[in-house]
Structure formats: C-alpha cells, structure tokens
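What follows is a short report on a single structure.
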Amino acid sequence: MKLFVGLDVSLAKTAVCVLTEHGEIIEEVEVASEPEPLISLLQGLEGTVEAVGLEAGPLSQWLHRAMKEIGLPAVLMETRQVKGALKAMPIKTDRRDAEGIARLLHLGWFRPVHCKSVSAQEVRAVLAARKAIQGNMIALEMSLRGLLRNFGLKVGAISRGRFEARIWELVEGNTMLEAAAEPMLRVRAALRQELAGLEKLVRQIAFEDPVCLRLMTMPGVGAVVALTFRSAVDDPSRFRSSKNVGPWVGLTPSRSQSGERDVSGGITKAGDVNLRRALCQAATVMLNRGRGNALRTWASHVAKRRGRKRAMVALARRIAVVLHRMWVDGSTFRMEIAPTN
C-alpha cells in the first residue's frame with residue numbers, strides 16, 4: 001500500500017497526516033520537531049512511503065536533509081503554492097494543514113523546492129548576520145539624527161567616518177544630550193567594528209571561491225552580490241536554461257488573464273528577496289558607474305524608452321541570466337560595447 005505523508009512543521013511540534021493511495025486518512029499524530037521521532041514514526045508505518053511533504057521553511061530543510069540521508073522520499077514544497085491551496089479550508093489548524101499537504105502530495109499538485117546544501121546555508125547565515133548588524137547600525141544613526149532634530153540640531157549629509165565627531169560637535173555643552181548620545185555612540189562603534197570583521201570575512205570567502213571570482217568579473221558584482229547569487233542558486237544544473245533564473249528570482253512581470261481581461265502588472269517578486277535586492281543593486285551600480293559594456297548600453301536604450309526604474313529591473317534580470325551562464329560555462333564577463341544603433 002502506497003502512503004503519502006504530510007508534515008506541518010512548527011518550532012516545537014510537527015503535525016503528521018498519513019494518506020493511503022485511495023485518499024483515506026489512516027493516521028494523524030503530533031511528534032516533536034526533531035529528525036529522530038519523525039524518522040521512527042515513518043519507518044514504523046505499514047506500507048510503502050511514496051512521498052513525505054514539508055512546506056519550505058527554516059526547520060524544514062534540516063528535517064528534509066535528515067530524511068533524505070536515510071533514503072526517505074522527502075519533498076520540500078513551495079510555500080506560496082501550499083498557502084494558496086490551504087486557504088480554501090474554512091478552519092485552519094496544524095492537523096488540517098498536515099492533511100492539506102498530504103492531499104497535495106497525493107494529487108501531485110505541488111512544486112518541489114531545491115534544498116540548499118549545508119555550505120550554501122552557512123554562507124547565507126554569514127550574509128544574514130552582516131545585513132542584521134548593518135541594519136541595526138543604520139537604525140541607530142537615524143535614531144540619533146531624530147533625537148537631535150527635536151532641538152534644531154541637524155547632522156546633515158556626512159560620511160560614516162565623521163558621524164561620531166559631528167554628533168559630539170552638536171551636543172557639546174548640553175549635559176542631557178551628551179548623556180543620551182554617549183551610550184548610543186558606543187553601541188554604534190561596536191557595531192561598526194563587528195561589521196568590519198564580517199565584511200572582511202565575506203571578502204575572504206568570495207576571493208577563495210573560484211565561482212565567485214568568475215562572477216565578480218562582471219561590473220557591479222562585488223563579493224556580497226557574488227556570494228548571495230552563489231548561495232541562493234547553489235546548484236546551477238537545476239535550471240534547464242539560464243533564462244529560467246529571471247522568473248525564479250521574481251524579476252519578470254506578473255500577469256492576470258481571464259476572458260477578455262489581460263493585465264500585466266509589476267514584477268512577481270517570487271523567490272529570494274535578498275537575491276533580488278542584490279541583483280537590483282548590481283544593476284544600479286552598472287548603470288551609473290564604471291566603464292561601458294554591452295549590458296549597460298542595452299539598459300540605457302531601455303531607460304530612454306521605458307524609464308530608469310524599468311531599465312534597472314530589466315538589467316537586474318539580465319545580470320542574473322548572464323551570471324548563471326558564466327557559472328555553467330566557466331567563462332568570464334566580456335566588456336564588448338554593444339552597437340548604439
């Protein structure tokens with residue numbers, strides 16, 4: 001008897017629903033969200049486990065990897081599609097979500113998601129830590145600006161290196177403002193030091209990786225963008241064509257068509273938001289700085305026709321396609337200028 005198992009994973013507990021090939025529920029249970037009890041439960045089922053489905057999430061990749069290592073047919077399912085299907089249920093509980101996931105598996109109405117390698121997840125952890133520290137440092141600077149603005153003290157446009165000196169210059173002589181600014185500046189200094197250490201680590205990882213070195217031959221692509229792209233894609237062979245990278249990262253126009261109605265909207269914003277932002281940053285740098293190249297010339301023509309924002313998004317999509325092709329072919333970026341006519 002073929003069995004289809006749906007898992008609704010939360011931090012402490014995982015709801016499990018087991019369906020037969022005829023769609024009949026034979027078991028519903030909750031177990032701890034740990035590999036050992038889940039594997040023990042699945043191995044104790046009477047029948048052949050045809051598929052085990054998990055909605056993609058923070059704990060799912062860890063559990064998926066543990067089940068695949070012992071030969072269980074685990075499948076990571078795309079979050080958007082699963083959530084869309086489960087919305088049809090009038091009552092939402094973990095038990096019903098597990099049943100819904102099992103029925104999606106049984107019907108075959110799901111899109112599998114690539115489970116990233118351990119090395120890719122480690123790199124993404126470093127990048128996430130860098131972004132968190134950078135974000136907190138910027139938030140602290142904005143808070144300081146806001147505090148002083150109440151007293152008519154304007155920091156103005158100033159470099160990061162002169163920020164602390166400018167704050168002390170503005171609060172000098174005011175005991176209360178000095179007391180408020182001092183601890184915030186100490187925390188900012190600590191964050192800057194930690195951020196510098198992570199920046200150094202990110203550059204070291206990128207320059208020691210031959211794939212990242214190749215990707216960084218493209219203008220606008222630095223260590224952070226290269227590592228973000230490499231860790232997000234992880235395995236370039238999972239794309240049959242480099243053109244599929246654009247839709248995967250959510251940089252293609254959305255479309256809503258029904259009968260006589262056919263509307264093209266903004267980009268879909270599917271996929272990895274951090275990769276999409278990194279590609280847009282690379283596109284912005286390429287458009288505004290450095291030497292000309294074929295991609296920049298093409299994007300400039302698009303900007304004249306459709307505006308700079310659309311040109312930036314279109315260029316980001318092309319950068320993703322070209323980076324993937326460079327990775328697959330083992331080639332470097334060529335700086336030939338495209339014809340202007």
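A few remarks follow.
- Residue list for the stretch 181-239, filter: more than 15 Å from A120 (Cα to Cα) and of a type in the set (V, I, T): V187, T217, V221
- Subset tally (residues that are under 25 Å from the mean Cα position of the chain (by Cα) and farther than 20 Å from A223 by Cβ) for the stretch 260-286: 8
- Matching residues in the stretch 142-186 - criterion: being open to solvent by 50 Å² or more (accessible area, probe 1.4 Å), more than 28 Å from the chain's Cα centre (by Cα) and under 25 Å from A128 (Cβ atoms): R186
- With a requirement of 3 or more residues that are open to solvent by 30 Å² or more (accessible area, probe 1.4 Å) and closer than 26 Å to C115 by Cα, the helices (runs of 4 or more DSSP H) lying completely within the stretch 225-315 that satisfy it span 273-288.
- Qualifying positions in the stretch 319-331 - open to solvent by 70 Å² or more (accessible area, probe 1.4 Å) and touching a residue at least 40 places away in the same chain (Cβ under 8 Å): R325, V328
- Residue count for the stretch 253-274 satisfying the condition of being in contact with a Gly (Cβ under 9 Å, 6 or more places away or on another chain) and at pLDDT 90 or above: 7.
- Count of residues meeting criterion [more than 29 Å from the chain's Cα centre (by Cα) and either under 16 Å from I70 (Cβ atoms) or buried (at least 21 other Cβ atoms within 10 Å of the Cβ) (or both)] in the stretch 1-30: 5
- For the stretch 31-61, residues that are at pLDDT 95 or above, under 21 Å from G271 (Cα atoms) and surrounded by fewer than 16 Cβ atoms within 10 Å (Cβ to Cβ) total 0.
- Scanning the stretch 215-224 for residues that are open to solvent by less than 20 Å² (accessible area, probe 1.4 Å) and free of Cβ contacts under 8 Å to residues at least 40 places away in the same chain turns up just one, A223.
- So T340, is it modelled with pLDDT of 90 or more, open to solvent by 60 Å² or more (accessible area, probe 1.4 Å), polar (S, T, N, Q) and not in a helix (DSSP H, G or I): no
- Scope the stretch 116-156; condition farther than 21 Å from A278 by Cα and outside any helix (DSSP H, G or I); matching residues: N150, F151, G152, L153, K154, V155, G156
- The stretch 71-120, residues that are hydroxyl-bearing (S, T, Y), under 23 Å from the mean Cα position of the chain (by Cα) and open to solvent by 50 Å² or more (accessible area, probe 1.4 Å): S119
The values are calculated or read from the model by the stated rules, or taken from the named source; none is laboratory data. What you see is a predicted model, and the numbers here were worked out from it, not measured in a lab. Glycine also receives a Cβ, built like all others from the backbone with ideal geometry; neighbour counts cover every protein chain displayed. The accessibility values were calculated without ligands, DNA or RNA, using every heavy atom of the protein model including side chains. Shrake-Rupley method; radii C 1.70, N 1.55, O 1.52, S 1.80 Å.
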